[in-house]
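Reading through the structure tokens given below for one structure.
The values are calculated or read from the model by the stated rules, or taken from the named source; none is laboratory data. As the structure is a computational prediction, the values presented were derived from the model and not from experiment. In this analysis, Cβ positions are derived from the backbone assuming ideal geometry, glycine residues included, and neighbour counts consider all displayed protein chains. When the accessible area is computed, the model is the full protein with side chains, heavy atoms only, and any ligands, DNA or RNA have been set aside. Shrake-Rupley method; radii C 1.70, N 1.55, O 1.52, S 1.80 Å.
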Amino acid sequence: MKSALPESTKLYDSVFSDKQKSDIQKILDEINENIYNYSTKNLWKLDQTIGGIGGYCMPCDPIKNPFSGGEYRELFRPLQYARSEIDITGIHLHSKYIVLNCGLHLESVVRLALKQSKHFGNIRHMNSTLGNATKRLEEINTIPDFIIKNLFLFVKIYNKSKHEVNQDNSRERLFMADDAIIAYYAARIIGVKLLEFLEHDSVKFKYPIDNSTFNYS
């Protein structure tokens, strides 16, 4: 956790249980000790325990799209892209894009919550940023505090991922593997909690881990 951004550390402390923190630390040890050939087996096993649809149950090859269109594509395609960055491109080089895709997932989930709310119109929030959409979600005043609090924490790291240039001169790269893993699991947990609150169909089923590999030929 030494290389994590302060925003990531706050997410880590706020979102995860002690058991999840222990599991995440073991995963980070594997990734940071084996930079070029790390195993993601335990990473996706932990992802599966969160429930709902995550990268674990989608192909790592982004060309194999399980959701050709509609609501599921908007909600979960970013998580498949995050998995692709982890399993194919490499988490150490593309940590920023993993954080970015996790933010896109949460943006879609929050927009869905606003769309379903009787208090707000369907159309005007469909292009809202995660920060603005979360503020509107807070106004509904029925969403559990855990969700709102941690969405606001996630906004801080997500906004940093949208900058093209590293603005922190003290770091060679703004985002490290620690940030990417924390962001991924935090987004999954927050997203599932909100989808459960919405009684979304995606959280009513159990999904197997997709063990397919990327074909480099």
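Listing for the model above:
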{"quantity": "With all protein chains modelled, accessible area of Asp29 [1.4 Å, Å²]", "calculated": "70 Å²"}
{"quantity": "Nearby lysines by direct alpha-carbon distance to Lys26 (threshold 23 angstrom, same-chain neighbours under 8 apart not counted)", "calculated": "Lys2, Lys10, Lys41, Lys45, Lys96"}
{"quantity": "Accessible area (Å², per residue) of the chain, counting only protein heavy atoms and a probe of 1.4 Å", "calculated": "51 Å²"}
{"quantity": "FRET efficiency, 1/(1 + (r/R0)^6) with R0 22 Å, evaluated for Gln25 and Leu93 via beta carbons", "calculated": "0.50"}
{"quantity": "Diffusion coefficient, µm² s⁻¹, Stokes-Einstein with Kirkwood Rh over alpha-carbon pairs of the chain at 4 °C and 1.567 mPa s", "calculated": "74 µm²/s"}
{"quantity": "Inter-probe distance in nm under a simple model that places probes 7 Å from Cα toward Cβ, at His163 and Glu196", "calculated": "3.5 nm"}
{"quantity": "Net charge contributed by nearby residues that have their C-beta within less than 13 Å of Cys60 (K/R +1, D/E -1)", "calculated": "-2"}
{"quantity": "Length gained when the stretch Ile35-Thr49 is fully extended (0.36 nm per residue, less Cα-Cα span)", "calculated": "2.5 nm"}
{"quantity": "Two-decimal Rg/Rh across segment 1-117, once Rg and the Kirkwood Rh are taken from alpha-carbon atoms", "calculated": "0.96"}
{"quantity": "Cα→Cβ-extended label distance, 7 Å offset, between Phe67 and Thr213, nm", "calculated": "2.8 nm"}
{"quantity": "Charged-residue dipole, Cβ positions (Lys, Arg, Asp, Glu), the chain about Cα centre, Debye nearest 20", "calculated": "460 debye"}
{"quantity": "By accessible area with a 1.4 Å probe, ligands and nucleic acids excluded, highest first: order of Thr134, Thr9", "calculated": "Thr9, Thr134"}
{"quantity": "Accessible area of the chain belonging to carbon and sulfur atoms, whole % at 1.4 Å probe", "calculated": "50 percent"}
